[in-house]
Amino acid sequence: MAVILSVSGLRKHFGPEPVLADVTFQVREGDKIGLVGPNGCGKTTLLNILAGKDETERGSIEKSADCLIGYLEQRPEITPGRTLIDEARDALSHLIAIQEEAEKIAFQLGEVTDEAERDRLARRYDRIHEELIRKDAYNLDYRIEQILHGVGFKDSEFHQKIETFSGGELNRLGLAKLLLAEPDIMLLDEPSNHLDLGATEWLEDFLRTTSAAVILVSHDRYFLDRVTNRTFELYFGTVDDYPGNFTKYLGLKEERLLVQTRTYEKYVEEVEKAKDFIRRHHYGMKAAQAEDRRKKLEHLEAHPAELPRNIQTPAFSFPKPSRTGDIVFRVEELTKGFGGAPLFKNVTFSIQQGERWAIIGPNGCGKTTLLKCLLGELKPDHGTARLGQGVKIGYFDQHLHVLDDSVPVVEAIRPEGKVFEELPRRKLLGAFGLTQDQQLQEVGSLSGGQRCRAALAKLAAQDANVLVLDEPTNHLDLWARSALEIALKNFGGTALFISHDRYFVDRTADHLLIIQPNARFLVLEGNYTTFRDMVAKGYIADPFLDGALAAKSTDQTKTSSSKAAGSQKADGGGSAKEKKEEPPKPTRDRHSARQAQKELREGTGKKSIPEVSSDRPPKTKKEKKEKKQRKFPYRKVSDLEEEIFIRETRVMTLSEDLVKPETLRDGELTRRLTAELAEEQEILKKLYEHWEEATELN
């Protein structure tokens, strides 16, 4: 691939030490580059210089003559009075102008009589036509709609005045305009901010398939892994180039760091040996040799080995928690809304001691509201949320309201009602990556990342045994996020958190509570990879796609209706009184998942659990009198369906684990998993019978 951008020796100061000391690299056509480094290392400064928004003190930037660079600004400028669609079309103004010129020339060709002028216009029209085809300019309206939908805008917002949008929505508009313009090089600084998971995944697919080169700054490791094929590490004011995505970079970084450390240690050893020899033999019989060593020492000191580029991961940790009861949260039929339709309804689940639950779902579906209902900060419209025995909650608020901006950090983390001396507080702040000078600053003067670390340190000081975290990775760099993952995995208590960081959810969660846009919910045992795998296999609908759940239900209803109609036709028709009507197939997502799992697990084609028809005629007195006796205790059909879904998910997981090579090599593990599988299948058999009884007698 041809080189389209060459950067050599960039230097920039914002104080005594350079932020950029000697930045050198090249960008080729189609490169997808992840720019990584700790907070404050100069990533945004570098992007500003590449975009021409800031000047470099030294060095050069060379690009090909026709290379266009586009930069995603965090605060885009807007023109009041214009609509969303007007602003989006501005990104394609050059193509729209060419389109209008083509239309004008086509009209002139129909009117002109001079043959020479006709030829000239025809040649110009052909050139414009080729340009429009090359840039797919005959489908501009479709492109605009596709990209606006992709970043999360709805049709109803297209003609809304631009000044009515929030800051986050304006940032999404800025991203849409950059993607529409599709320059040769896109500079993206945290492009997934303000996007929900569905829009983030759409953006990943767009960036992977675009022909443009991309330089991407992001704290979303999942995003980096899916998009990038090169990684630039900015540290000590210079750039190290690594092939591959972020995960590949981590492996190569470890190998390179080992070599750098050995080289530096060998250099230090040679310097110390030379100094020692000179000191002992400067005036003795080996004075000549000492002089040779002095010259060698001068050469060594003139060409020192580079310091190892070791980016320290802070040592986050939470203290050993006290024991709670086996059940930490018991939530039953929880419903909450604000004036209109509920955000969520009939949410029922239990969290056991030691589990780590992540709440995920589209933006605005009520994740934070649910947390506040669990903590008692909001009163639910219906249902209950009860805490278990001995629960002591530590809460991390994404807005960091737990910190007083007017006091020094070392005082701000002191918990109420706890004797906590200054020295232990300083040590705790040090473990969370805040240095001595930062510990004495007022909280209000800290950066976003530093405030987040201080809030986590205060959380650790509270000695909680249940951690409730609302977006704890916001503002943290990649290394601090890794440290938080390790701290949560080593924490002996229980954790419940909201996070848009899929990598973080993957590494820490063992259960997911998925809030869906139609106020429903789904409990899934596993992590984010489990969830995406279930979606990919069609076991559950993707709640991050607009209309996915409704479309799935509609398709299932149509399929059921078609089958019922076909069955009636085969039987020669007949009235409802003459024939027993077949219950319709269920339309619930969780049932579809269960049926697919059963077919995969058993291959036996067991009858699916029918859903009770809502238009069944009321029972007569005689039917009520002849009602069968119950074999099982009364339970709601919805509760039974919920437990069946959970059990079948567990059966599917056990079945998959049993065929893994590492399981087959371990006889004891195979026997244990086989016994668990048999037990779960036996429980499921009883649940099916209970369900059939409940649908008939409830």
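If you check GLY433, GLY492, GLY526 for being crowded, with 19+ Cβ neighbours inside 10 Å and not β-branched (Val, Ile, Thr), only one passes: GLY433. Against the test of being acidic (Asp, Glu), at pLDDT below 80 and more than 32 Å from the chain's Cα centre (by Cα), the options GLU131, GLU73 yield a single qualifying residue, GLU131. Checked against (1) in contact with a Phe, Trp or Tyr (Cβ under 9 Å, 6 or more places away or on another chain); (2) at pLDDT 85 or above; (3) of a type outside the set (Lys, Arg), GLY198 passes all but condition (2).
For every residue, the table says whether it meets (1) assigned to a strand (DSSP E or B); (2) touching a Pro at 6+ places or on another chain (Cβ under 9 Å); (3) farther than 27 Å from SER482 by Cβ; (4) hydroxyl-bearing (Ser, Thr, Tyr).
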residue: ARG294; (1), (2), (3), (4): no, no, yes, no
residue: LEU307; (1), (2), (3), (4): no, no, no, no
residue: GLN312; (1), (2), (3), (4): no, yes, no, no
residue: ALA315; (1), (2), (3), (4): no, no, no, no
residue: PRO321; (1), (2), (3), (4): no, no, no, no
residue: GLY325; (1), (2), (3), (4): no, no, yes, no
residue: VAL331; (1), (2), (3), (4): yes, no, yes, no
residue: GLY339; (1), (2), (3), (4): no, no, yes, no
residue: LYS345; (1), (2), (3), (4): yes, no, yes, no
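Taking the condition touching a residue at least 12 places away in the same chain (Cβ under 8 Å), touching a Pro at 6+ places or on another chain (Cβ under 7 Å) and charged (D, E, K, R), does GLU422 pass? No.
Condition first: without any contact (Cβ under 8 Å) to a residue 60 or more places away in the chain, surrounded by 11 or more Cβ atoms within 10 Å (Cβ to Cβ) and among the β-branched types (Val, Ile, Thr). Now tell me which residues in segment 257-314 satisfy that. Scanning segment 257-314 gives THR261, THR263, VAL268, VAL271, ILE278. Among the residues of segment 207-233, those that are closer than 16 Å to LEU179 by Cβ, open to solvent by 20 Å² or more (accessible area, probe 1.4 Å) and assigned to a helix (DSSP H, G or I) comprise ARG208, THR209. Taking first residues from segment 197-212 that are of a type in the set (Ser, Thr, Tyr) and partners that are open to solvent by 30 Å² or more (accessible area, probe 1.4 Å), the Cβ contacts under 7 Å between residues at least 6 apart in sequence or on separate chains come to THR210/GLU182. Of the residues in segment 6-60, how many are open to solvent by 20 Å² or more (accessible area, probe 1.4 Å), at positive phi and in contact (Cβ under 8 Å) with a residue 40 or more places away in the chain? Residues meeting the conditions: 3.
Among the residues of segment 363-386, is there at least one that is part of a loop (DSSP other than H, G, I, E, B), surrounded by fewer than 17 Cβ atoms within 10 Å (Cβ to Cβ), on the phi > 0 side of the Ramachandran plot and within 21 Å of the chain's Cα centre (by Cα)? Looking through segment 363-386, at least one residue is part of a loop (DSSP other than H, G, I, E, B), surrounded by fewer than 17 Cβ atoms within 10 Å (Cβ to Cβ), on the phi > 0 side of the Ramachandran plot and within 21 Å of the chain's Cα centre (by Cα). Does ILE96 qualify as being in contact (Cβ under 8 Å) with a residue 24 or more places away in the chain and out of contact with any strand residue (DSSP E or B) (no Cβ under 6 Å at 6 or more places or on another chain)? Taking the combined requirement at face value, the residue satisfies it.
Name the helices (runs of 4 or more DSSP H) wholly inside segment 25-134 in which the number of residues that are closer than 30 Å to PHE14 by Cα is 3 or more. It comes to 43-50. Kindly indicate whether any position in segment 641-652 is over 20 Å from THR348 (Cα atoms) and either buried (at least 16 other Cβ atoms within 10 Å of the Cβ) or touching a Cys at 6+ places or on another chain (Cβ under 8 Å) (or both). There is at least one residue in segment 641-652 that is over 20 Å from THR348 (Cα atoms) and either buried (at least 16 other Cβ atoms within 10 Å of the Cβ) or touching a Cys at 6+ places or on another chain (Cβ under 8 Å) (or both). In segment 234-249 there is at least one residue that is open to solvent by less than 40 Å² (accessible area, probe 1.4 Å), in a helix (DSSP H, G or I) and either small (Gly, Ala, Ser) or under 30 Å from LYS12 (Cα atoms) (or both). Scanning segment 490-503 for residues that are at pLDDT 95 or above and touching a helix residue (DSSP H, G or I) at 6+ places or on another chain (Cβ under 7 Å) turns up just one, ALA495. Counting only residues that are open to solvent by less than 10 Å² (accessible area, probe 1.4 Å) and either in contact with a His (Cβ under 8 Å, 6 or more places away or on another chain) or in contact (Cβ under 8 Å) with a residue 60 or more places away in the chain (or both), segment 456-476 holds 13 of them.
The values are calculated or read from the model by the stated rules, or taken from the named source; none is laboratory data. Just so we're clear, the structure is a prediction, and the values are computed from it rather than from any experiment. A quick note on method: Cβ atoms are made from the backbone with ideal geometry, for glycine too, and the neighbour counts reach across all protein chains shown. Just the protein is used for accessible areas: all its heavy atoms, side chains included, with ligands, DNA and RNA removed. Shrake-Rupley method; radii C 1.70, N 1.55, O 1.52, S 1.80 Å.
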